[in-house]
Structure formats: structure tokens, C-alpha cells
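A quick write-up on the structure given underneath.
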Amino acid sequence: MEKSNLYLLIAIFAFVVLIGLYIGMGVRQIKFEQNCEGHLKRAADANSIELAERELQTALEYMWWKGYSKGYTSVIYRTPDEDVEFWYNNINSAYEELKSLPEDVTPLERTNVLMKLRETLTDEGETGVHITYPKGICNFPHNKFYFWMRALCYFMIILFGFGFLVEV
């Protein structure tokens, strides 16, 4: 096999692996949206304590099952917005507050608790209100794997793609 064909084959293989990584990350994002983010959104939008509590419980069960209770989503350096433990504890604290609310609470107090919950779960961004969660949480705890595999694939595509062009 010619060297140029080998270079092309390696570059194509790296490209296929890269596509597979992005598909895998997309599937993980969809699963996160269905099993966690969607329930957090519903809890933030809930009009009753009971609805909010049920949705938070569902989200927290998924978070616990996936191991979203400790660590950072960052790959190279840690930043506060990537702290998974803080995010989990904050949501769990809101859930415990909802659970501990007495039955005879006034409507005003219920509204205040629901407003506080909404502020805990959401942030105002450039595109409107969105659910707060650490960047890259859907790939957690495999963020480093995805980062380095993508970097390696890009490197191989550039290196062997350029090698192919030089050899031709």
C-alpha cells in the first residue's frame, strides 16, 4: 500500500471516530435533557409545591444514579460554574426545603418558595431563561475522555490529511 493511501486511510478512520464521538455526545445530551433537564424545567415551572417536589425528586434520582453528585466537568482547569457537587447540593437543598414545608403554609409563602425554587433552577441568558447546570454535565464523568479523543482525532485528520496532500 502506498504511503499516501495509508495517510488517507488513517485520516478517514480518525474522521469516522470523530463522527462517532459527536454522535455519542449527542445521545448523552438527549438522555440528559429527557431524564434530568426536562424535570428541572418542569419543577421550575410548577405551580404547586407537590408538582415541584415530584419533578425535583425524579431529577435528583437520575442525578444520583448517574453520579452527578461530586466532581467537576472541566478538563484542564476548574471553574465554579463546572462544580457538579455544588449544583447537586443546591438542587437537593431546594428539594429538602420543599419537603419540609408544613401543610398549613399560607399561599403567599407557597408562592415565595416556588419563586425561590425557580430562581435556583434557572438563569437569565442572552437567549432567555434556561435551566442552570454545569457546562458539559451530559458527558460527565467522561469529559476528559471525550476532550482528548476529539483532540487526537483532529490532530490525526490534520496531520495525515496534510501528509496525504504532500504525498500526492
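The values are calculated or read from the model by the stated rules, or taken from the named source; none is laboratory data. As the structure is a prediction and not an experimental result, all values here were calculated from the model. Here Cβ is always computed from backbone atoms with ideal geometry, including for glycine, and neighbour counts include all displayed protein chains.
Within region 72-79, is even one residue hydrophobic (A, V, I, L, M, F, W, C) and in a strand (DSSP E or B)? Write out each step before concluding.
The first filter runs over region 72-79 and keeps only residues hydrophobic (A, V, I, L, M, F, W, C), leaving 75-76.
Filter once more, keeping what is in a strand (DSSP E or B): none.
Scanning region 72-79 turns up no residue that is hydrophobic (A, V, I, L, M, F, W, C) and in a strand (DSSP E or B).
Of the numbered conditions (1) surrounded by fewer than 19 Cβ atoms within 10 Å (Cβ to Cβ); (2) without any contact (Cβ under 8 Å) to a residue 40 or more places away in the chain; (3) touching a Phe, Trp or Tyr at 6+ places or on another chain (Cβ under 9 Å); (4) within 22 Å of residue 26 (Cβ to Cβ), residue 65 fails exactly one; give the number of that condition.
(3)
Would you mind finding the one in 93, 100, 74 that is touching a helix residue (DSSP H, G or I) at 6+ places or on another chain (Cβ under 6 Å) and either among the small types (Gly, Ala, Ser) or without any contact (Cβ under 8 Å) to a residue 40 or more places away in the chain (or both)?
74
List every residue pair whose Cβ atoms lie under 7 Å apart, where the two residues are 6 or more positions apart in sequence or sit on different chains, the first residue falls within region 1-29 and is in a helix (DSSP H, G or I), and the second residue, located anywhere, is small (Gly, Ala, Ser).
Matching pairs, first to second residue: 7/163; 11/161.
Checking residue 39 against (1) touching a residue at least 24 places away in the same chain (Cβ under 8 Å); (2) within 22 Å of residue 92 (Cβ to Cβ), which test does it fail?
Failing condition for residue 39: (1).
Results for (1) surrounded by 15 or more Cβ atoms within 10 Å (Cβ to Cβ); (2) in contact with a strand residue (DSSP E or B) (Cβ under 7 Å, 6 or more places away or on another chain), shown as yes or no for each residue.
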residue	(1), (2)
31	no, no
35	yes, no
41	yes, yes
49	yes, no
52	yes, no
60	yes, no
72	yes, yes
80	no, no
83	yes, yes
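What is the residue count in region 105-143 for residues that are surrounded by 14 or more Cβ atoms within 10 Å (Cβ to Cβ) and in a helix (DSSP H, G or I)?
The qualifying residues number 11.
Quick check, is residue 149 in a helix (DSSP H, G or I), modelled with pLDDT of 95 or more and either touching a Lys or Arg at 6+ places or on another chain (Cβ under 6 Å) or within 24 Å of residue 59 (Cα to Cα) (or both)?
It is false that residue 149 is in a helix (DSSP H, G or I), modelled with pLDDT of 95 or more and either touching a Lys or Arg at 6+ places or on another chain (Cβ under 6 Å) or within 24 Å of residue 59 (Cα to Cα) (or both).
Just the residues that are of a type in the set (A, V, I, L, M, F, W, C) and closer than 16 Å to residue 16 by Cβ, please, taken from region 127-158.
Residues satisfying the conditions are 149, 152, 153, 155, 156, 157, 158.
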